[in-house]
Amino acid sequence: MNISNEDPTDKNLKILIKIARCINSTLDIDTILKYLVDTVIKELGYDVCSILLKEGDILVNKTGYGLTQQELSKIRIKFGEGVTGMVAQMGKPEIINDVSKDERYVEFSNKLRCQSEMAVPIIVDQELIGVFNIEDRRKNAFGIKDLEIITAVANEAAVAIRNAKTKESLDIFNKRLLRLYETGKHITSSLNVKAILQRIVDTVADTLNCHMVSFMMLKHDHLYIGETYGFDAKYYTDLKIPLGKGITGTVAQTGIPEVVGDVTKDTRYIPYKRGKDSSAYTPIKSEICVPIVYKGRTMGAINAESEHLNHFTHEDLKFLSALGDQAGSAIENARYYERIKNFNKELKHKIDEATIKLKNTNVELERLNRIKSDFVSTVSHELRTPMTSIVGYISIMADEEVGKLTDQQKEFMHIVMDESQRLTRLISDLLDISKIESGKMKIDLESVDLTEFVNKFKVKAIDMAEESKIHLHINHPSEPIMIHGNADRIDQIFTNLLSNAVKFSESYKNVIVDIQHKGDSVQVDVKDEGQGIPKDQLDMIFERFHQVDSNMNRSVGGTGLGLAITRHLVEAHGGKISVSSEEGKGSTFSFTFLKNGIKPSVVAQESKTQENLLQKAV
Amino acid sequence: MCHKTCGVIDKQTDTRVLCSWGCEMKKKILIVEDEPNISKLVSYILETHGFEVLQAFIGVEGIEMAKREKPDLIVLDVMMPKMDGFEVAQNLKNEQITKDIPIIMLSSAAQFKDKVKGLESGAMDYITKPFDKDELIEKINEYLK
């Protein structure tokens with residue numbers, strides 16, 4: 001048909017050049033389609049022109065002239081349906097001169113009352129991408145020329161549409177890649193499994209534009225709901241899909257992702273209910289499902305469903321698979337973290353429990369210790385009463401106050417006296433040790449002049465030495481040496497060590513006491529020329545009830561507690577005690593006191609009034 | 001009047017004189033002690049040193065005797081049933097009639113805190129059992145001066 005006098009071939013060529021120039025200058029598909037329709041109508045004067053594009057296995061009308069937007073949006077034609085569907089299926093154009101005589105004809109709009117139709121497939125590289133549909137109110141409106149020009153336009157359009165579609169899918173691809181990157185970054189940095197699942201289903205629902213998403217977790221050969229979108233997971237808490245059952249179960253078992261375009265035709269499909277009480281099933285049509293695999297082990301599956309047929313594409317499958325891979329490692333990390341967290345929690349719980357047990361044990365031990373110390377204290381008092389009588393009466397007899405004694409009687413009396421004194425010492429030492437062990441030993445430290453103390457102590461020391469015929473030498477600085485100490489306890493320390501030195505020395509040997517400054521401390525060395533202490537026993541010598549294992553020890557009458565008490569007393573003064581010895585040559589006990597102004601690390605306190613009272617009394 | 005040498009042993013002659021100055025007035029010492037053997041021991045020691053000895057075997061009896069007899073010094077045991085030595089000492093110190101009598105505690109409680117408690121309750125001195133008889137006599141003489 002010609003509407004001008006121009007040579008139709010020239011005119012068609014011009015139109016074709018114009019269209020080609022225009023549609024190839026843009027990659028926006030809507031612009032291309034609109035221009036095509038407008039130009040065909042304007043230049044060729046048909047009544048109706050529309051372009052339908054293939055989406056999955058249906059044709060969707062994207063743009064058209066002569067039809068309202070509402071009419072256009074309704075047009076969704078299956079392959080083989082109507083004239084257009086048939087053209088799409090066959091891939092060959094058709095001209096219908098009288099539509100009333102063609103059963104296949106479907107009227108898009110009843111206002112126009114078109115009588116003839118021409119449909120031309122849009123094909124590029126043997127792939128159908130859509131159909132050009134043209135109608136006219138006249139009968140026999142289309143001839144061979146019309147077919148030629150529209151076919152030419154369709155060919156031109158095919159390339160442009162394909163390019164535009166490629167661009168569009170590239171855009172989508174880029175967008176999805178970005179989405180994948182963002183989601184991946186988010187979930188791999190999250191350590192909370194629940195948060196990861198939430199983020200994944202949201203991303204899937206948003207990106208694939210679908211109705212329902214579920215994240216299924218595999219546990220002991222069954223899939224359980226992990227997280228959902230589009231339906232409430234609380235109705236499915238007891239949902240338990242065995243491996244191999246349903247589409248999701250199959251995917252989880254085989255590890256092969258699947259796209260199901262029409263679930264109503266798939267016998268494996270298990271429909272979901274919308275809610276607990278509703279018997280209505282969701283009108284789901286298509287489904288996509290990918291397995292979650294981490295290091296060769298299936299952890300679950302992501303499942304997305306749509307109310308549209310053929311909603312999911314292979315692009316979607318690629319996207320979902322990539323997301324699934326990321327989800328696998330993210331979940332595994334989070335699980336490890338949660339396991340470690342739980343382990344720590346458990347550990348802390350165990351430690352707390354053990355601490356409580358230990359505390360209770362300590363309380364019990366303290367109670368037992370107190371009972372022991374009370375017992376020792378009581379026994380010590382009780383022992384002193386008979387000892388008082390024994391020592392008292394024996395000393396009267398030994399002094400011959402009640403009658404003359406033979407030499408042998410005198411000797412024996414003295415043995416009884418000595419042993420009684422030893423027993424008395426043992427009672428005192430036991431009480432001291434018991435107090436030390438129960439932490440009740442309190443030592444009040446004050447300023448003591450060590451030089452003054454030694455001058456007083458000398459008198460007692462010389463007596464002790466003379467009794468055993470020992471040469472005693474005490475060397476000390478003449479100026480006052482002020483130390484932190486308790487005079488009674490210092491006396492106990494000196495007496496213990498000196499009596500040991502004397503006890504373990506043979507007659508006419510030397511015992512030397514050296515006192516000298518040593519920085520912040522004063523050091524006292526008590527040196528004897530006795531038998532010495534075997535090397536293997538040096539470490540144990542300060543332990544209670546330890547006595548050097550030698551032939552001599554029983555004859556010297558120790559209690560086995562003296563050195564243990566001495567060490568505690570020295571340490572309570574903030575000092576240190578040590579021993580060096582050479583067998584057969586003698587031993588040296590060295591101990592230190594802190595000088596005044598040096599804060600001792602161990603300070604035991606008693607009230608000042610008590611101290612004053614004592615001083616007054618002495 | 002003699003206060004110093006009553007009951008002191010003359011070491012040269014090894015004989016006990018009641019009083020080297022011829023003093024006839026013996027000093028009176030009250031022993032409060034629940035253990036008969038120890039009471040007897042202390043009595044013997046004091047008597048041989050020229051003192052007149054009074055014995056009480058429980059705390060209450062000791063306080064009554066102190067008020068009645070007004071001894072020159074009291075040797076007081078600490079661990080006694082019913083009323084212990086600390087309480088006896090406090091009672092004596094609270095009575096006008098007995099408050100100036102010196103008290104020496106003779107105790108089997110050898111801990112530092114017991115010593116402090118004894119001195120706080122009013123004793124002049126605190127001797128732990130078993131005691132040295134010479135030390136006891138020395139201290140008695142010191143407080144009788």
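Derivation of every value follows stated rules applied to the coordinates shown; laboratory data play no part. Note that the structure is predicted; figures quoted are calculated from it, not measured. Positions of Cβ are backbone-derived with ideal geometry, glycine not excepted, and every protein chain shown enters the neighbour counts.
Estimated from the Cβ-Cβ distance and a Förster radius of 35 angstrom, the FRET efficiency linking B:Lys93 and A:Ser447 is about 0.65.
Put simply, the amide H of A:Val106, placed in the peptide plane, has neighbours under 5 Å in A:Val83, leaving out anything fewer than 5 places away on its chain. Let a ≥ b ≥ c be the square roots of the eigenvalues of the Cα gyration tensor of the stretch A:189-280; is it rounded (a/c under 1.5), or, if not, prolate (a/b larger than b/c) or oblate? In terms of gyration-tensor shape, rounded.
Taking 0.36 nm per residue of sequence separation and removing the Cα-Cα distance, the A:Lys576/A:Gln421 pair yields an extension gain of 52.9 nm.
Of A:Lys442/A:Lys503; A:Lys440/A:Lys503; A:Lys42/A:Lys145, which pairs sit farther than 19 Å apart, going by alpha carbon to alpha carbon? Could the numbers behind the result be given before it?
Values: A:Lys442/A:Lys503 29 Å; A:Lys440/A:Lys503 30 Å; A:Lys42/A:Lys145 17 Å.
The pairs that break the limit, which is 19 Å between Cα atoms, are A:Lys442/A:Lys503; A:Lys440/A:Lys503.
Under the rule a/c < 1.5 gives rounded, and otherwise a/b versus b/c splits prolate from oblate, where does the stretch B:97-137 land using the Cα gyration tensor? Because a/c hits 1.5 or more and a/b fails to exceed b/c, the stretch B:97-137 counts as oblate. Neighbouring Cβ atoms from other chains, within 10 Å of the Cβ of residues in B:107-118, number 6 on average.
Put simply, when A:513-521, A:364-372, B:105-113, A:94-102 are sorted by average Cβ atoms within 10 angstrom per residue, most first, you get B:105-113, A:94-102, A:513-521, A:364-372.
Apply 1/(1 + (r/R0)^6) to the Cβ-Cβ distance of A:Tyr181 and A:Tyr269, taking R0 = 56 Å, and write down the FRET efficiency to the nearest 0.05. Write out the running numbers ahead of the final one.
Details: r = 33 Å, r/R0 = 0.59.
The pair A:Tyr181/A:Tyr269 has a calculated efficiency of 0.95.
Note on the protein assembly as shown: Cα Rg divided by 2.2 N^0.38 Å, N the number of residues, gives 2.11. Working from label points 7 Å from Cα in the Cα-to-Cβ sense, the A:Arg367 to A:His349 distance is 2.8 nm.
In terms of other Cβ atoms within 10 Å, A:Met299, A:Met540, B:Met124 run from fewest to most in the order A:Met540, B:Met124, A:Met299. The angle separating the long axis of helix A:314-398 from the principal Cα axis of greatest extent in chain A is about 10 degrees.
The overall shape of the stretch A:360-474, judged from the alpha-carbon gyration tensor, is oblate: a/c is not under 1.5, and a/b is no greater than b/c.
Around the amide H of A:Lys509, modelled in the peptide plane, lie the amide H atoms of A:His471, all under 5 Å away and 5 or more residues distant in sequence or on another chain.
Here the calculated FRET efficiency for A:Thr237 and A:Asp171, from their Cβ-Cβ distance with R0 = 41 Å, stands at 0.50, rounded to the nearest 0.05.
Distance from the C-alpha centroid of the stretch B:74-145 to that of the stretch A:205-219: 94 Å, rounded to the whole angstrom. Axis angle, to the nearest 10 degrees, between helix A:144-189 and the longest C-alpha principal axis of chain A: 10 degrees. Distance between the pseudo-spin-label points of A:Val60 and A:Phe412 (7 Å out from Cα toward the beta carbon): 12.8 nm.
Ordering A:Glu227, A:Glu401, A:Glu107 from the fewest to the most neighbouring beta carbons within 10 Å gives A:Glu107, A:Glu401, A:Glu227. Against chain A, whose longest principal axis comes from its Cα atoms, helix A:562-572 is set at around 60 degrees. Listed peptides A:471-483, A:79-91, A:127-139 appear in the order A:127-139, A:79-91, A:471-483 once ranked by packing, highest mean of other Cβ atoms within 10 Å at the front. Peptide A:377-384 has a mean of 4 when you count, residue by residue, the C-beta atoms of other protein chains within 10 Å of its C-beta. Take each residue in A:417-426, count the other chain C-beta atoms within 10 Å of its C-beta, and the mean is 1.
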